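The values are calculated or read from the model by the stated rules, or taken from the named source; none is laboratory data. Predicted model only: the values in this text are computed from it and were never measured. As a convention, Cβ positions derive from the backbone with ideal geometry for all residues, glycine included, and neighbour counts pool all protein chains shown. Accessible surface is based on the protein model in full, side chains and every heavy atom, while ligands, DNA and RNA are left aside. Shrake-Rupley method; radii C 1.70, N 1.55, O 1.52, S 1.80 Å.
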Amino acid sequence: MADWLIVMLYDCRSIADRDRGIAAAIEAVKSGELVVLPTDTVYGLGADAFTPHAVSQLQTTKGRDRAAAPPVMVGSRHTLDGLVFSLPQAARDLVEAFWPGPLTIIIEHSPTLQWDLGETGGQIAVRMPLHPVALEVLRETGPMAVLAANKAGRPAPTTAEEAREQLDYAVRVYLEAGPSADPVPSAMVDVTGDVPRLLREGGIPIEKLRDVVPGLVGPER
């Protein structure tokens, strides 16, 4: 059992281990299993967004229910077009300026998508993280449902080792890339209404967001 634990945590700071780890993570996601991977904020717990039992396991492992759909991470700006019927200009401008990076946008997803993320209400949070390991995985797996890799009520992990201490055998593959460089949450912008609205302040200051979308409304206090 201990040997299996060693095998499932890959140190991506080593070139050889990085290649093996990324390949193992891609295989695990495509098999409907959970992985922990680094992002530009904290470490994420991820599953294939289009495999319902994997998303359900993600929610269970995290300690959440279906009332709150998990955010989705993508490996390319172009992937976003496949998730919507149409994308508001404000969303396109924000994505062009800040992806990959600490910006999450709330969009209306296409009702024809073959996924079950929980109670989305027709809307979903999407982000493209600025981390080479995450992007390499996402470009092969496609969209992943990703939550912070901690149990509900516990601190969000800044290393894969910290995530493993909380999640243990629930996860097939852990990708270690060292401590998170900037564990500040992503800024979250809702582009589903007539006026874009900042729901959560985070890694991108509102002043920079307004340089791109001048009409952005700030978060309610």
Please go through region 55-83 and pick out each residue that is more than 20 Å from residue 130 (Cα to Cα) and either hydroxyl-bearing (Ser, Thr, Tyr) or open to solvent by 40 Å² or more (accessible area, probe 1.4 Å) (or both). 56, 57, 60, 61, 63, 64, 65, 66, 67, 68, 82
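I want to confirm something. Restricting to region 121-143 and keeping residues that are farther than 21 Å from residue 66 by Cβ and not aliphatic (A, V, I, L, M), which single residue is most open to solvent (accessible area, probe 1.4 Å)?
Filtering region 121-143 for residues farther than 21 Å from residue 66 by Cβ gives 128-142.
Now narrow it down to the ones that are not aliphatic (A, V, I, L, M): 129, 131-132, 136, 139-142.
On the way: 129: 0, 131: 35, 132: 82, 136: 74, 139: 147, 140: 107, 141: 25, 142: 21 Å².
Ranking the qualifying residues of region 121-143, first place goes to 139.
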With in contact with a Lys or Arg (Cβ under 7 Å, 6 or more places away or on another chain), surrounded by 16 or more Cβ atoms within 10 Å (Cβ to Cβ) and at pLDDT below 95 as the only criterion, which of 9, 34 stands out? 9
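So, of the residues in region 144-169 that are in a helix (DSSP H, G or I) and farther than 21 Å from residue 40 by Cβ, which turns out to be least open to solvent (accessible area, probe 1.4 Å)? Before the answer, list the steps.
Narrowing region 144-169 to residues in a helix (DSSP H, G or I): 160-169.
This time we only want the ones that are farther than 21 Å from residue 40 by Cβ, so: 165, 168-169.
Details: 165: 135, 168: 62, 169: 99 Å².
Checked region 144-169; the qualifying residue least open to solvent (accessible area, probe 1.4 Å) is 168.
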Out of the residues in region 171-191 that are surrounded by fewer than 17 Cβ atoms within 10 Å (Cβ to Cβ) and in contact (Cβ under 8 Å) with a residue 60 or more places away in the chain, which is nearest to residue 12 (Cα to Cα)? 178
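Select from region 100-116 the residues that are closer than 19 Å to residue 188 by Cα and out of contact with any Leu (no Cβ under 8 Å at 6 or more places or on another chain) and write down the one among them that is least open to solvent (accessible area, probe 1.4 Å). Explain how you work it out, then say what you get.
Step one: of region 100-116, the residues closer than 19 Å to residue 188 by Cα are 100-109.
From what is left, the residues that are out of contact with any Leu (no Cβ under 8 Å at 6 or more places or on another chain) are 104, 108.
Working: 104: 9, 108: 105 Å².
Of everything passing the filter in region 100-116, 104 is least open to solvent (accessible area, probe 1.4 Å).
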Hey, can you tell me all the residues within region 71-93 that are over 19 Å from the mean Cα position of the chain (by Cα), assigned to a loop (DSSP other than H, G, I, E, B) and modelled with pLDDT of 90 or more? 87, 88
Identify, please: which residue in region 201-221 is in a helix (DSSP H, G or I) and open to solvent by less than 50 Å² (accessible area, probe 1.4 Å) and is, among those, farthest from residue 95 (Cα to Cα)? 206
